[in-house]
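All remarks here apply to the structure that follows.
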Amino acid sequence: MRIHSYEVDPVVILIVVALPLLGFILGTGLGGVAAAIVFLALLAGSRAVAAWATRRFTLPPSGTQERALVIRSMSAAATMRRLIRSIPTGPVGNRCIEMERQARAALPTLRALALQAFRVRVLAYGVPAAGLEAERAQTLNLLAGNPEERMRMELESSLRSTEAQIGTGHRLRTLADELFARTRALVMSLDAVAAGLAELQAMSASDPTAEPQLALANLSREIDALRGGLEEAQTFGRRAAAIHFLEV
């Protein structure tokens with residue numbers, strides 16, 4: 001269980017104490033107390049908003065493969081928004097706007113998955129797989145020499161600990177790879193939706209009287225695939241978070 005500690009800013013304490021005192025000095029009494037309460041409420045609200053924004057918009061570090069996927073998804077979303085503006089208004093345009101909105105709804109989940117994949121990968125890198133394998137081999141060699149009872153028990157205990165760490169590292173690496181694969185699949189679906197919108201935009205620009213039914217059907221299939229992948233990714237992300245917590 002994690003225990004969070006919070007530091008109280010001395011300036012905040014000074015303001016909270018000073019407001020009621022100032023109120024009594026000026027003869028407003030309860031007004032100063034009310035001002036202090038409002039100040040604390042606003043402060044708590046601003047911290048909650050900051051925490052929410054951090055969770056929602058934090059990206060993996062620059063130079064990582066997870067960050068590259070997030071940037072690619074943002075580029076696809078920007079392309080879709082630009083294409084939507086170019087499609088003439090009407091029933092087709094309205095359907096495209098709705099499908100573009102559904103596609104953009106995947107961005108927060110995609111960003112969260114990418115960040116989760118990066119953090120799990122960092123944990124996996126923290127498990128020294130090569131060193132642990134060497135230690136395991138050395139312990140097995142010692143056990144093969146038929147040591148005396150007390151030494152054998154210590155070696156077996158050490159072997160169990162080493163193998164447990166090796167298993168943890170393997171599971172973390174597998175989990176990171178699966179999270180990355182899910183993220184990449186969502187990005188590819190966004191790219192496919194952007195390509196479908198580009199096809200519709202090209203058709204409307206070259207021949208306003210063209211019947212875009214086939215292109216719309218293809219785009220609808222891509223949206224359905226994206227929606228299904230998003231639901232699977234969200235379910236997997238929750239399971240992965242639980243596994244991650246247990247491993248740590």
Looking only at segment 114-144, which residues have a backbone nitrogen under 11 Å from a spot 7 Å from the Cα of GLU163 in the C-beta direction? 140
For segment 129-209, which trypsin sites (Lys or Arg not before Pro) are in a loop by DSSP, counting at most 15 other Cβ atoms within 10 Å? none
Given charges at beta-carbon only (K, R positive; D, E negative), |dipole| of segment 55-206 in Debye: 960 debye
Could you give me D for segment 98-138, from Stokes-Einstein at 10 °C and 1.306 mPa s, where the hydrodynamic radius is the Kirkwood radius over C-alpha pairs? Units µm² s⁻¹, please. 123 µm²/s
For a quick check of your reading of the filter: which GluC sites (Glu not before Pro) in segment 91-185 sit in a DSSP loop and have no more than 16 other Cβ atoms within 10 Å? GLU148
Compactness of segment 60-247, expressed as Rg and Dmax over alpha-carbon positions, Å: 24.7, 90
Surrounding net charge for GLY229, when Lys and Arg each add one and Asp and Glu each subtract one, Cβ distance under 13 Å: -1
Rounded to the nearest 0.05, FRET efficiency between ASP224 and HIS170 (Cβ-Cβ, R0 25 Å) equals 0.10
What is the packing order of peptides 86-92, 200-206, taking the mean over residues of other C-beta atoms within 10 Å and listing the highest first? 200-206, 86-92
About its Cα centre, how strong a charge dipole does segment 172-228 have in debye, to the nearest 20, once Lys and Arg get +1 and Asp and Glu get -1 at the Cβ? 320 debye
Separation of alpha-carbon centers, segment 115-144 and segment 150-178, rounded to whole Å: 7 Å
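Readers should treat all values here as calculations from the given coordinates under stated rules, not as data from a laboratory. Given the structure is predicted, the values throughout are model-derived calculations rather than measurements. Methodologically, a virtual Cβ is constructed for each residue, glycine included, from the backbone with ideal geometry; neighbour enumeration extends over all protein chains shown.
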